[in-house]
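Structure first, commentary second.
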Amino acid sequence: MKTARDKVVAVHYTLTDDAGQVLDSSSEGEPLAYLHGHGNIIPGLEKALEGSQVGFKSKVTVAPKEGYGEQNPKAIFEEPHASFSPDMKLAPGMQVHAEGEHGPVTFTVVKLTDTGVVLDGNHPLAGKTLHFDVEVVDVRPATKEELAHGHVHTGHGHH
(Lines give C-alpha, C1' and ligand atoms only; values in the text may rest on other atoms or scores of the structure.)
Protein backbone atom coordinates (compact mmCIF):
# COMPACT_ATOMS: atom_id res chain seq x y z
CA MET A 1 0.00 0.00 0.00
CA LYS A 2 1.31 3.45 -0.89
CA THR A 3 1.43 6.53 1.32
CA ALA A 4 -1.43 8.78 0.22
CA ARG A 5 -4.14 11.04 1.64
CA ASP A 6 -6.31 9.33 4.31
CA LYS A 7 -3.72 6.62 5.04
CA VAL A 8 -2.19 6.13 8.46
CA VAL A 9 1.58 6.08 8.04
CA ALA A 10 4.06 5.00 10.70
CA VAL A 11 7.68 6.10 10.42
CA HIS A 12 10.85 5.79 12.40
CA TYR A 13 12.93 8.94 12.10
CA THR A 14 15.93 10.81 13.39
CA LEU A 15 15.84 14.59 13.10
CA THR A 16 19.09 16.56 13.06
CA ASP A 17 20.06 20.19 12.53
CA ASP A 18 22.68 21.57 10.12
CA ALA A 19 25.45 20.71 12.59
CA GLY A 20 24.32 17.09 12.78
CA GLN A 21 23.01 17.41 16.34
CA VAL A 22 20.10 15.03 17.00
CA LEU A 23 17.00 17.07 17.85
CA ASP A 24 14.50 14.22 18.07
CA SER A 25 14.28 10.52 17.26
CA SER A 26 11.85 7.64 17.45
CA SER A 27 14.61 5.02 17.39
CA GLU A 28 14.31 4.20 21.10
CA GLY A 29 10.52 3.88 21.06
CA GLU A 30 7.40 3.58 19.00
CA PRO A 31 7.30 4.88 15.44
CA LEU A 32 5.50 8.15 14.76
CA ALA A 33 2.06 7.44 13.30
CA TYR A 34 0.22 10.23 11.47
CA LEU A 35 -2.74 10.71 9.14
CA HIS A 36 -1.28 11.54 5.73
CA GLY A 37 -2.69 14.58 3.94
CA HIS A 38 -4.19 16.18 7.05
CA GLY A 39 -1.35 18.46 8.16
CA ASN A 40 -0.33 16.22 11.06
CA ILE A 41 3.38 16.56 10.20
CA ILE A 42 5.40 19.34 8.59
CA PRO A 43 4.64 19.84 4.89
CA GLY A 44 8.16 19.14 3.58
CA LEU A 45 8.36 15.72 5.21
CA GLU A 46 4.81 14.81 4.20
CA LYS A 47 5.58 15.69 0.56
CA ALA A 48 8.75 13.58 0.63
CA LEU A 49 6.80 10.56 1.90
CA GLU A 50 3.96 10.82 -0.66
CA GLY A 51 3.75 7.59 -2.68
CA SER A 52 6.23 5.71 -0.49
CA GLN A 53 5.68 2.16 0.77
CA VAL A 54 6.72 0.08 3.77
CA GLY A 55 10.50 -0.30 3.70
CA PHE A 56 11.09 3.10 2.07
CA LYS A 57 14.16 4.79 3.58
CA SER A 58 15.38 8.26 2.77
CA LYS A 59 17.32 11.26 3.96
CA VAL A 60 15.06 14.29 3.63
CA THR A 61 16.13 17.92 3.99
CA VAL A 62 13.33 20.35 4.80
CA ALA A 63 13.82 24.11 4.40
CA PRO A 64 12.21 26.40 7.02
CA LYS A 65 9.41 27.38 4.63
CA GLU A 66 8.29 23.71 4.43
CA GLY A 67 9.07 23.06 8.11
CA TYR A 68 8.17 25.33 11.00
CA GLY A 69 8.42 28.53 9.00
CA GLU A 70 10.84 31.42 9.11
CA GLN A 71 11.54 33.31 12.32
CA ASN A 72 8.98 36.08 12.80
CA PRO A 73 10.65 39.05 14.55
CA LYS A 74 7.21 40.36 15.58
CA ALA A 75 6.73 37.21 17.70
CA ILE A 76 9.54 38.37 20.02
CA PHE A 77 8.40 40.94 22.56
CA GLU A 78 8.82 42.10 26.15
CA GLU A 79 6.11 41.46 28.71
CA PRO A 80 6.15 43.38 32.05
CA HIS A 81 7.18 41.49 35.19
CA ALA A 82 3.71 42.21 36.61
CA SER A 83 2.23 39.79 34.01
CA PHE A 84 3.85 36.87 35.82
CA SER A 85 3.18 35.38 39.21
CA PRO A 86 5.78 36.67 41.74
CA ASP A 87 6.65 33.11 42.76
CA MET A 88 7.46 32.05 39.17
CA LYS A 89 11.17 31.34 38.78
CA LEU A 90 11.77 32.53 35.21
CA ALA A 91 15.01 31.80 33.39
CA PRO A 92 16.20 32.06 29.78
CA GLY A 93 15.32 28.97 27.78
CA MET A 94 12.32 27.94 29.83
CA GLN A 95 8.88 27.78 28.28
CA VAL A 96 5.79 29.53 29.62
CA HIS A 97 2.21 28.99 28.57
CA ALA A 98 -0.63 31.44 28.07
CA GLU A 99 -4.15 31.34 26.71
CA GLY A 100 -4.39 32.91 23.25
CA GLU A 101 -7.27 33.74 20.92
CA HIS A 102 -7.20 30.22 19.45
CA GLY A 103 -6.21 28.22 22.54
CA PRO A 104 -3.00 27.61 24.47
CA VAL A 105 0.19 29.33 23.30
CA THR A 106 3.78 28.51 24.30
CA PHE A 107 6.53 31.11 24.57
CA THR A 108 10.24 30.68 25.22
CA VAL A 109 11.88 33.04 27.70
CA VAL A 110 14.72 34.78 25.85
CA LYS A 111 16.01 37.01 28.65
CA LEU A 112 15.03 38.87 31.78
CA THR A 113 15.37 42.65 31.85
CA ASP A 114 14.91 45.27 34.55
CA THR A 115 11.44 46.04 33.18
CA GLY A 116 10.17 42.67 32.03
CA VAL A 117 10.62 39.34 30.34
CA VAL A 118 11.55 39.01 26.66
CA LEU A 119 9.46 36.20 25.14
CA ASP A 120 9.70 34.42 21.79
CA GLY A 121 6.47 33.04 20.32
CA ASN A 122 8.22 31.37 17.36
CA HIS A 123 8.35 27.59 17.28
CA PRO A 124 11.79 26.51 18.59
CA LEU A 125 12.59 25.02 15.15
CA ALA A 126 11.40 28.05 13.14
CA GLY A 127 14.08 29.30 10.77
CA LYS A 128 16.01 26.01 10.88
CA THR A 129 16.73 23.61 8.05
CA LEU A 130 15.72 20.15 9.24
CA HIS A 131 17.36 16.88 8.25
CA PHE A 132 15.36 13.66 8.60
CA ASP A 133 16.62 10.12 8.29
CA VAL A 134 13.26 8.38 7.85
CA GLU A 135 11.92 4.87 7.29
CA VAL A 136 8.30 3.94 6.56
CA VAL A 137 7.38 0.97 8.75
CA ASP A 138 3.61 0.74 8.18
CA VAL A 139 0.88 2.11 5.90
CA ARG A 140 -2.79 1.31 6.46
CA PRO A 141 -6.19 2.77 5.64
CA ALA A 142 -7.46 5.21 8.26
CA THR A 143 -10.57 4.28 10.22
CA LYS A 144 -13.78 6.30 9.84
CA GLU A 145 -13.20 7.69 13.33
CA GLU A 146 -9.64 8.78 12.49
CA LEU A 147 -10.85 10.50 9.32
CA ALA A 148 -13.64 12.24 11.23
CA HIS A 149 -11.21 13.45 13.91
CA GLY A 150 -8.37 14.26 11.51
CA HIS A 151 -5.70 12.33 13.42
CA VAL A 152 -4.53 8.82 14.29
CA HIS A 153 -6.00 6.77 17.12
CA THR A 154 -4.12 3.88 18.67
CA GLY A 155 -5.59 0.81 20.31
CA HIS A 156 -5.66 2.89 23.50
CA GLY A 157 -7.73 5.75 22.09
CA HIS A 158 -6.34 9.05 20.81
CA HIS A 159 -2.70 9.28 19.78
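Just a few scattered comments:
- Looking only at region 100-124, residues that are in a strand (DSSP E or B), more than 24 Å from residue 67 (Cα to Cα) and not hydrophobic (A, V, I, L, M, F, W, C) come to 2 in all.
- Whichever residue in region 15-69 is touching a residue at least 60 places away in the same chain (Cβ under 8 Å) and of a type in the set (D, E, K, R) and, among such residues, is nearest to residue 137 (Cα to Cα): 57
- Unique match (being part of a loop (DSSP other than H, G, I, E, B) and either among the small types (Gly, Ala, Ser) or in contact (Cβ under 8 Å) with a residue 24 or more places away in the chain (or both)) among 151, 131: 151
- The one condition from (1) over 30 Å from residue 117 (Cβ atoms); (2) in contact with a strand residue (DSSP E or B) (Cβ under 7 Å, 6 or more places away or on another chain); (3) surrounded by fewer than 13 Cβ atoms within 10 Å (Cβ to Cβ) that residue 5 does not meet is (2).
- Selection status of residue 28, within 30 Å of residue 145 (Cβ to Cβ), at pLDDT below 95 and out of contact with any Leu (no Cβ under 9 Å at 6 or more places or on another chain): yes
- Criterion: surrounded by 14 or more Cβ atoms within 10 Å (Cβ to Cβ) and on the phi > 0 side of the Ramachandran plot - qualifying residue of 121, 103, 127: 127
- One residue from 80, 73 being touching a residue at least 24 places away in the same chain (Cβ under 8 Å) and loosely packed, with under 11 Cβ neighbours inside 10 Å: 80
- Options 27, 58, 52: the member that is within 19 Å of the chain's Cα centre (by Cα), surrounded by 11 or more Cβ atoms within 10 Å (Cβ to Cβ), of a type in the set (Ser, Thr, Tyr) and within 27 Å of residue 152 (Cβ to Cβ): 27
The values are calculated or read from the model by the stated rules, or taken from the named source; none is laboratory data. Only a predicted model underlies this, so the values are computations on that prediction, with no experimental measurement involved. Ideal geometry is used to build each Cβ from the backbone, glycine not excepted, and the neighbour counts take in all protein chains shown.
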